[in-house]
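Report on one structure; see the data block that follows.
The values are calculated or read from the model by the stated rules, or taken from the named source; none is laboratory data. Given the structure is predicted, the values throughout are model-derived calculations rather than measurements. FYI the Cβ positions are ideal-geometry reconstructions off the backbone, even for glycines, and counts take in every protein chain you see. The protein model used for the area step is the full one, side chains on, heavy atoms only, and it has no ligands, DNA or RNA in it. Shrake-Rupley method; radii C 1.70, N 1.55, O 1.52, S 1.80 Å.
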Amino acid sequence: MRAGAGEVMAYEELVRRYQDVAVRTAHVIAPAADADDAAQEAFVKAWIALPRFRVGAPFRPWLLRIVANEARNRRRSAGRREGLAVRATIDRPSDDAAPSPEAAALAGERRASLVGAVNRLRDEDREVIAARYFLELSEAETAEVLGIPRGTVKSRLSRALGRLRAELDEVPT
Amino acid sequence: MSEDRSMSRLGLELEVALRDLGGAIDAPAAPGLAGRVRARIEAERPARATGPWWRTIKGAGGPGAPGRMPRVRRSLLLAAAAVLLVAAAVTAAIGYGLPGLRILFGPPPSAAPSSSAPSPSGPATSMSPSPAAPGADLGLGRSVTLDEAAGLVAFEVALPADPGIGPPDAVYLSGGRLALAWGPDPALPGTAHEGLGLLLVVIDGRVEPESVEKLIHTGTVVEPVTVAGAPGYWIAGAHHFLSYIAPDGSRIEDTMRDVGNALLWTRDGVTYRLEGELTLDQAIRLAESLS
């Protein structure tokens, strides 16, 4: 067996566990960049940085911060801006009555207008909304992943939601 | 819909709508990502070590040898990170451990507790376990003297510094696993096993990396702790057993003997397991006194 092969395999297992959330994070931070490629690079960087990881600290936000930084770097060179990749189908809420075709159409419109508005936000605003609502990170995790103080998460999110409402206001569907 | 109605609705339900949108974001990991990461790491890994990493750890240079800490520390961290996985996904198949072993939660193996039971006719140098020797009935291996053990294991044997504890009353060796057993003594916390005052198991081995097996969570308490600056785990509660790979590649299932709680930690690449009816504080004090 090669030196360290056991550790590499153990790490590969960690990669498997976190790859989906890592790619998702890379995508919402930098929708125009290749999220899979950014996540791969971030995992390699995390491996190199692993000796600096504080034992006992939560691993996920530590990893996702590396992913977010990698994605941001790529955002700058990704060129033409593309939006979030969103599935077109509307899932039926399981705890609701089946929506009528009209309601489904409205839901589709609503989602489309929301995607458009989110895509028009500044990176800073989109990041905090993505962390809290798309990645469902806690405030503490959001602070770590985005590299901002915890108190800033609240205020930035509040402002971002305000601007998102304004965007929706300007271009109603 | 009218603009007003649309906006009011979106305003009221914005957070719900954002969560819904999050659920529809389509950005899965492409197949093979983990393998590509592994290939990158293997390509970038410096070719400084020629043998298995546990030999690198043990090898010439002694403590603080260049190139040693990063590798040891990384494997400890991987173990620590794996603990978080346990918390995050109790029902998932998870293997984790310190270097030298992994911990599986579940009923102990139904067969014999250890594949390395003491051989009926040990070498001439070994003593025959006296029926009265503490831990003799626990299947810990063949009975050896402390000096013999020091010559047979690939690590330095450390003992508690407390003069009230003194040297162990019995020493057992089984492959890369050394067990030091103390008899009942007022200076010792005692164990749940009659005739045993304290048990210290020292393991020279490595983590089994392919160790993803179906686990059953039984309510065992596992708390990450720090022992003399190194990560460790405090294990209290239900049955658990350990599995580790010895340097020669053999795998040993090692049922913990329910003599009490257990503190696990690593030092210089060797895994220690202190077992007895200790509190966490007592166990850490004792562990940190090993010298």
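A compact table of results
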{"read-out": "The one condition in (1) at pLDDT below 75; (2) more than 13 Å from the chain's Cα centre (by Cα); (3) crowded, with 19+ Cβ neighbours inside 10 Å that B:ASN261 fails to fulfil", "value": "(1)"}
{"read-out": "Candidate set from segment A:56-104 (those that are farther than 16 Å from A:ALA131 by Cα and among the basic types (Lys, Arg)); member that is modelled with the lowest pLDDT", "value": "A:ARG92"}
{"read-out": "Verdict on A:GLU127 being buried (at least 18 other Cβ atoms within 10 Å of the Cβ), within 15 Å of B:GLY22 (Cβ to Cβ) and either not polar (S, T, N, Q) or not assigned by TED's automatic domain parsing to the domain that holds A:ALA68 (or both)", "value": "yes"}
{"read-out": "When residues of segment A:29-46 are limited to those that are facing chain B (nearest Cβ under 7 Å) and either within 14 Å of A:GLU127 (Cβ to Cβ) or not small (Gly, Ala, Ser) (or both), the one surrounded by the most Cβ atoms within 10 Å (Cβ to Cβ)", "value": "A:PHE43"}
{"read-out": "Within segment B:10-57, considering residues that are modelled with pLDDT under 50 and among the basic types (Lys, Arg), the one surrounded by the fewest Cβ atoms within 10 Å (Cβ to Cβ)", "value": "B:ARG48"}
{"read-out": "Complete set of residues in segment A:142-155 that are in contact (Cβ under 8 Å) with a residue 12 or more places away in the chain, surrounded by fewer than 20 Cβ atoms within 10 Å (Cβ to Cβ) and either assigned to a helix (DSSP H, G or I) or assigned by TED's automatic domain parsing to the domain that holds A:ARG65 (or both)", "value": "A:LYS154"}
{"read-out": "Entirely in segment B:129-187, the strands (runs of 3 or more DSSP E) that have 3 or more residues that are more than 23 Å from B:GLU277 (Cα to Cα) and touching a strand residue (DSSP E or B) at 6+ places or on another chain (Cβ under 7 Å)", "value": "B:142-144"}
{"read-out": "Residue within segment B:182-204 that is free of Cβ contacts under 8 Å to residues at least 60 places away in the same chain, open to solvent by less than 20 Å² (accessible area, probe 1.4 Å) and away from every other protein chain (no Cβ under 14 Å) present", "value": "yes"}
